[in-house]
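Visitor: Quick one: the structure is below, questions incoming.
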Amino acid sequence: MEEVQTPVEDTAAKSKKKYTILYVDDEESNLRIFRMAFKREYNVLTAPGGNEAIEMLREHDIQCLITDQKMPEMTGTELLEKVLPEFPDVIRMILTGFADIEAIVKAVNKCGIYKYITKPWDKGEMKLTIDKALEAYELKSDKMKLIRQLEKANSGLEEKVELRTKELAEVNKRLMDSIKYAMTIQNAMLMSPETIKEAFTDFFILFKPLDVVSGDFYWFADFESEDVNYKFIASVDCTGHGVAGALMSMIGESLLNQIVYEHEITDAGEILDNLNIGIQDILNQSENNNHHGMDASIMIIDEDNSELYFAGAQQNLLYSDKEKIKTVKGDRISLGGYLDQERNYTTHKLPYVKGETSFYMFSDGFQDQFGGPDNKKFTVARLTESIETGLDKPMDKQRDLLEKVLTEWKGEEKQTDDIMVMGIKI
């Protein structure tokens with residue numbers, strides 16, 4: 001019988017894994033320096049040119065490829081473009097000692113690079129970059145394995161329902177194990193609230209998935225572009241919930257990382273424009289009748305210049321103005337779902353007073369929850385009033401207040417959707 005590796009064993013195996021890195025440079029001294037610097041941490045392979053690198057990729061299990069740009073027979077971008085179709089999962093980085101803008105653009109647009117590094121490199125910074133790249137490699141690998149597992153489980157579910165009770169129970173157990181593992185992956189994908197708290201004066205998140213896994217997700221990034229440090233935070237509500245919503249959330253999280261970290265887009269409206277296009281492309285919505293998508297809002301904070309920007313797709317932003325709550329409305333059209341028209345989401349510039357102004361982002365789960373004396377929806381108006389009553393309290397207390405209001409309103413009614421509300425004080 002084939003031995004099945006549990007998630008705990010799999011995690012332990014990964015912690016002992018020594019990754020293999022291929023470094024390409026036409027100067028032997030550079031190859032020697034790189035080998036000596038990292039041979040203890042990784043399996044380091046080196047190649048003096050592009051053709052040798054391709055042969056090594058075919059002969060070895062390589063997770064990360066780092067190449068110099070300026071080489072006589074084949075440039076770094078030419079090498080990366082050549083290996084991309086055959087080795088799409090390998091993390092690719094380019095290293096150069098000169099500012100070649102065209103090479104950078106080509107590397108980003110055609111080669112799918114993870115990082116662009118300039119010489120001379122620092123060992124500590126290089127190791128940190130490589131470790132983060134390898135973490136991204138493992139997360140992407142886990143996501144793909146999970147998606148294949150879930151798709152396989154769902155594809156045969158309807159046929160298996162017709163089987164005998166015992167067979168159905170066995171299938172259900174395997175599916176639940178897979179979904180619980182999906183929860184582990186999704187939780188790993190979501191940045192911890194404690195980490196986000198470090199970026200803001202005060203912060204809370206009220207996050208209540210309807211099922212084991214959620215179609216709602218939040219996303220945070222701290223990114224520097226052109227000497228400006230931006231903080232990004234997004235609220236995203238995917239079509240459906242449970243497994244279907246979780247699959248969509250993984251697509252959304254991956255696209256947001258790509259848009260910001262790889263393409264370095266820092267305009268809120270443009271981020272939603274690109275997220276919309278990415279969903280349509282991944283789900284091939286121009287060719288089929290697939291209308292899955294997302295509602296989302298994103299807020300970008302430039303603390304250096306005391307500027308804040310917001311864009312929304314079927315989601316609004318609430319913010320405090322003294323003792324009152326004001327609303328900034330997002331555009332009334334969702335992301336994804338093929339429409340034969342161009343969409344341009346609006347970027348709103350907002351004022352804020354550091355340490356005083358609070359902002360609130362949320363999906364539709366809270367306001368759509370049924371309950372109360374007449375079993376009606378809670379509504380955005382009630383949510384706004386509930387937030388307004390707690391404006392003088394710290395964010396953790398505001399979260400407790402909202403949870404208490406939700407519990408009293410819901411009563412004996414079941415939760416109807418994923419619920420997510422975030423409060424941020426800058």
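Visitor: Roughly how far apart, in whole Å, are the Cα centres of segment 26-43 and segment 270-315?
Guide: Here the two parts' Cα centres lie 41 Å apart.
Visitor: In the structure displayed, which of LYS231/LYS322; LYS39/LYS127; LYS132/LYS354; LYS208/LYS349 lie more than 21 Å apart, Cα to Cα?
Guide: As for pairs spanning more than 21 Å Cα to Cα, those are LYS231/LYS322; LYS132/LYS354; LYS208/LYS349.
Visitor: Within the set LYS324/LYS425; LYS70/LYS110; LYS377/LYS425; LYS324/LYS377; LYS115/LYS143, which residue pairs have Cα atoms separated by over 25 Å?
Guide: Beyond 25 Å: LYS377/LYS425.
Visitor: Could you please rank SER214, SER225, placing first whichever residue has the fewest other Cβ atoms within 10 Å of its Cβ?
Guide: SER225, SER214
Visitor: Report the Rg/Rh value for segment 190-425, based on alpha-carbon coordinates and the Kirkwood definition of Rh.
Guide: That ratio is 0.95, to two decimals.
Visitor: Give the relative contact order (percent, whole number) for segment 16-127; include only Cα pairs under 8 Å separated by 6+ residues.
Guide: Reported as a whole number, the value is 23 percent.
Visitor: Starting with the highest mean, order 70-79, 310-319 by the number of other Cβ atoms within 10 Å, averaged over the residues of each peptide.
Guide: Result, highest mean first: 310-319, 70-79.
Visitor: Could you list CYS238, CYS111 so that the one with the fewest beta carbons within 10 Å of its beta carbon is first and the one with the most is last?
Guide: Ranked by crowding around the Cβ, least crowded first: CYS111, CYS238.
Visitor: Which loop-located GluC sites (Glu not before Pro) does segment 188-225 contain, where loop means any DSSP state but H, G, I, E or B and the Cβ has at most 10 other Cβ atoms within 10 Å?
Guide: For GluC sites (Glu not before Pro) across segment 188-225 that sit outside H, G, I, E and B with at most 10 neighbouring Cβ atoms in 10 Å, the list reads GLU198.
Visitor: Please arrange VAL260, VAL380 by counting, for each residue, the other beta carbons lying within 10 Å of its beta carbon, fewest first.
Guide: VAL380, VAL260
Visitor: Grab the other residues whose beta carbon is less than 14 angstrom from that of PHE87, score K and R as +1, D and E as -1, and report the net.
Guide: In short, -2.
Visitor: Taking R0 as 45 Å, what's the FRET efficiency between MET36 and HIS348 from their Cβ-Cβ distance, rounded to 0.05?
Guide: Efficiency for this residue pair is about 0.30.
Visitor: Calculate, for MET191 and GLU73, the FRET efficiency according to 1/(1 + (r/R0)^6) with r their C-beta to C-beta distance and R0 41 Å; round to the nearest 0.05.
Guide: The value I calculate is 0.45.
Visitor: Run the simple label-point estimate for LYS82 and THR201 please: 7 Å along Cα→C-beta, distance reported in nm.
Guide: 5.6
Visitor: Here is a further query. Karplus couplings for segment 40-45 from phi (6.51 cos²θ - 1.76 cosθ + 1.60, θ = phi - 60°), rounded to Hz, Gly and Pro as x?
Guide: 6, 7, 9, 7, 9, 10
Quick note: the coordinates plus some simple rules give every number you see, no bench work behind them. Not measured: the values here are computed from a predicted model. When we count neighbours, we look across all protein chains shown, and the Cβ atoms used for this are built from the backbone with ideal geometry, even at glycine.
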